[in-house]
Amino acid sequence: GLKKISFRSRITVIVIGVVLATVSLIYTYQLADVLRQKEQHDVALWAHAMERAGGGGGEMMNDPMIDYIVDSHNNIPFIITDEELRILRAHLIDEEELSDPDRLRELLTGLADENPPIRIDYHWWAGDHYHLIFYGQSSLLKSLYWFPYIQLLAVVVFIILGFIAFRSTKRDEQNRVWIGLAKETAHQLGTPTSSLLGWIEYLKTQPVDRSAVEEMQ
């Protein structure tokens with residue numbers, strides 16, 4: 001009965017852990033995907049607003065509407081450059097990376113891997129001039145991608161602790177059984193031994209063969 005209960009308890013712990021991990025992974029990745037689409041939509045709106053604002057060169061960056069759209073309240077790291085990759089504006093980017101050409105090139109490549117850069121075209125009279133928005137993922141979005149793995153680790157630890165608890169419980173039960181058997185054995189052995197010692201003492205006082213009494217003793 002105890003083995004069946006213990007086995008069922010272990011299966012229950014495993015099933016609960018797997019279900020929690022699966023639900024957490026699916027739900028968190030869905031949230032992350034929704035947030036990723038929202039951030040991409042937001043940056044697309046920036047690009048559209050910049051095209052509507054018109055202008056050329058860095059003048060567009062001074063437009064009040066553009067300042068309002070891409071102000072410091074957003075948490076998306078981005079770099080806006082011209083067609084020659086000269087930086088016009090940056091947000092949540094390390095200044096050291098911006099000042100080092102090699103690190104800047106690696107940074108732009110990394111941002112392009114996270115999200116395709118968005119091109120901002122001017123009016124027809126601006127010729128071949130355009131801007132590019134390189135942008136990455138917000139810290140919240142990155143946290144959502146990592147969070148399921150943290151939850152999975154917590155579930156694994158939960159299952160391991162459950163097994164340890166069950167093994168400890170089973171070991172305690174076995175120890176109690178062995179202690180009970182030892183006490184019963186000692187009792188069963190002690191009774192005839194005490195009786196035998198009593199008979200030996202009694203026979204010593206009787207006229208019987210002393211060699212037989214010594215052999216018994």
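The values are calculated or read from the model by the stated rules, or taken from the named source; none is laboratory data. Since this is a predicted model, take the numbers as computed values, not measurements. Here Cβ is always computed from backbone atoms with ideal geometry, including for glycine, and neighbour counts include all displayed protein chains. Please note that ligands, DNA and RNA were not included when accessible areas were found on the heavy atoms of the full protein model with its side chains. Shrake-Rupley method; radii C 1.70, N 1.55, O 1.52, S 1.80 Å.
Suppose we filter the stretch 84-103 for residues that are open to solvent by less than 90 Å² (accessible area, probe 1.4 Å) and touching a strand residue (DSSP E or B) at 6+ places or on another chain (Cβ under 8 Å); how many remain?
Residues meeting the conditions: 8.
For the stretch 98-139, enumerate the residues that are among the charged types (D, E, K, R) and modelled with pLDDT of 90 or more.
Listed by number, the residues that qualify are ASP100, ASP102, ARG103, ARG105, GLU106, ASP113, GLU114, ARG119.
What is the one condition in (1) open to solvent by 40 Å² or more (accessible area, probe 1.4 Å); (2) more than 15 Å from PRO77 (Cα to Cα); (3) out of contact with any strand residue (DSSP E or B) (no Cβ under 9 Å at 6 or more places or on another chain) that HIS48 does not satisfy?
It fails just one condition, (3).
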